[in-house]
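To keep things clear, I will list the structure first and then write my remarks on it.
The values are calculated or read from the model by the stated rules, or taken from the named source; none is laboratory data. Here the structure is a predicted model, which means the values were calculated and not measured. All Cβ positions, glycine included, derive from the backbone under ideal geometry; neighbour counts span all protein chains shown.
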Amino acid sequence: MTEEKIIKLDMGALRGEDNDECPILCLGIESSCDETSAAIVDSNRNILSHIIYSQIPEHQKYGGVVPELAARAHILAIDTVVRQTLDAAGKKIEDIDVIAATAGPGLIGGVLIGWMAATGIAQSTSKPLVAVNHLEGHALVPRLHASAADGSDIKCGVEFPYLLMLASGGHCQILLVRGVGAYEQIGQTLDDSAGEAFDKVAKMLGLGYPGGPAVDARAAKGNPKRFKFPRPLCDKPGCDFSFSGIKTAARVMLDKATAPYDDEFINDFCASFQAAVVDCIVNRLGHALADSRVRDAAPRTLVVAGGVAKNSAIRAAMERLAASHDMTFAAPPMGLCTDNGAMIAWAGIENYRVGRVVKEPVAPRPRWPLTEL
Ligand code: KG4
Ligand code: ZN
């Protein structure tokens, strides 16, 4: 009898699943806004080290990010952040398999600094380099780690396809995430992002920068029915957002009231504003779930990501919406919602696994829609 030749195929690895024996190690760098961050993540979903240097204190006195100051701070911080990330993981650069960095979109001074650092490391060590779209970092990080609305862990991250509400300081869009590099935009904001609305309303109330966390905390103590905010576009079909009307309504109402505002006023104002944002998100996502592209893809998970995903009311409302559609709700753990190096390292691993590495020089881009990947 001839001996059968058995070729053992690692089907898990072919499907891009975890492989305990020989994980890929990726060093990821993020510098597109006001965080200089680096992380080492492996393909078994372990974050070996993660350093986030937040510049928020440097920008606070200006009420927002000052691009030139941000770029200078990134230059000063980048070497130390990368060095500390390697040290914290107990790794040398030779141990790393892939280098990844944000190549856009974002404040171009910062993007350039992180991208040049990553390019230098990759070239001097002859390691593969991945140019990560910052939005892709937010979009894929729920596959690294995800939580339910009560904060409990969802094992093994979220599976494709999923419907994603990507809400950050600079972006607001609904995406059908079909796979790595396959993002279909179902809706987007026509003016401000959700994070911008939170930041601007917080500024009007004197709550400081960034405004989202302060508004979230105040809203939890307030009456959401006291102030009448509009719900722009909610009576219209489609999945696009508009937040500028909510912001203008806030300005008009505040101009009519007499400053200084007491605590009860601020809490009720924040709760009423936040309720309007939540209603818009739920309305637009409801339309997205009825969109034929989404119905055909039949995503099983409704996901929120980006800095605004930290918002407790948005998480709770999206969880209710998911349940009413027999879907699971997921969000990155709090520490992976706002900008961070781990999401870039993870996007680096996902892209590397499907062969999306830099083959010729890449110019960093201030604008880079996910649909142009
Ligand atoms: O993703 P991110 O760190 O930066 C961008 O890529 O833009 O998001 C920052 C945004 C800020 O607008 C901030 O106010 C908002 O996320 N944010 C929140 C909360 N925490 C952060 N918005 C609402 N509620 C929160 N708890
Ligand atoms: Zn971001």
I'd like to check something: does the stretch 183-198 contain any residue that is small (Gly, Ala, Ser), under 20 Å from Arg367 (Cβ atoms) and assigned to a loop (DSSP other than H, G, I, E, B)?
yes
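Yes or no, residue by residue, for (1) within 16 Å of ligand 1 (Cβ to nearest atom); (2) modelled with pLDDT of 95 or more; (3) outside the structural domain of Leu321 (by TED's automatic domain parsing):
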position	(1), (2), (3)
Ala101	yes, yes, yes
Thr125	no, yes, yes
Val130	no, yes, yes
Ser152	no, no, yes
Cys156	no, no, yes
Gly169	yes, no, no
Considering every residue within the stretch 319-333, establish whether at least one is surrounded by fewer than 24 Cβ atoms within 10 Å (Cβ to Cβ), within 16 Å of ligand 2 (Cβ to nearest atom) and assigned to a helix (DSSP H, G or I).
no
Mind telling me which of the residues Gly120, Gly109, Gly137, Gly114 ends up being surrounded by fewer than 24 Cβ atoms within 10 Å (Cβ to Cβ), of a type in the set (Gly, Ala, Ser) and within 16 Å of ligand 1 (Cβ to nearest atom)?
Gly109
If you take the residues of the stretch 292-318 that are in a helix (DSSP H, G or I) and within 25 Å of His50 (Cβ to Cβ), which of them is farthest from ligand 2 (Cβ to nearest atom)?
Ser312
Restricting attention to the stretch 88-118, which residues are part of a helix (DSSP H, G or I) and free of Cβ contacts under 8 Å to residues at least 24 places away in the same chain?
Met116
Which of the residues that make up the stretch 53-103 are over 22 Å from Pro366 (Cβ atoms) and in contact with an Asp or Glu (Cβ under 6 Å, 6 or more places away or on another chain)?
none
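If you check Ala290 against the conditions, is it in contact with a Pro (Cβ under 6 Å, 6 or more places away or on another chain), farther than 22 Å from Ala146 by Cβ and among the aliphatic types (A, V, I, L, M)?
Details: in contact with a Pro (Cβ under 6 Å, 6 or more places away or on another chain): no; farther than 22 Å from Ala146 by Cβ: yes; among the aliphatic types (A, V, I, L, M): yes.
Criteria not met by Ala290.
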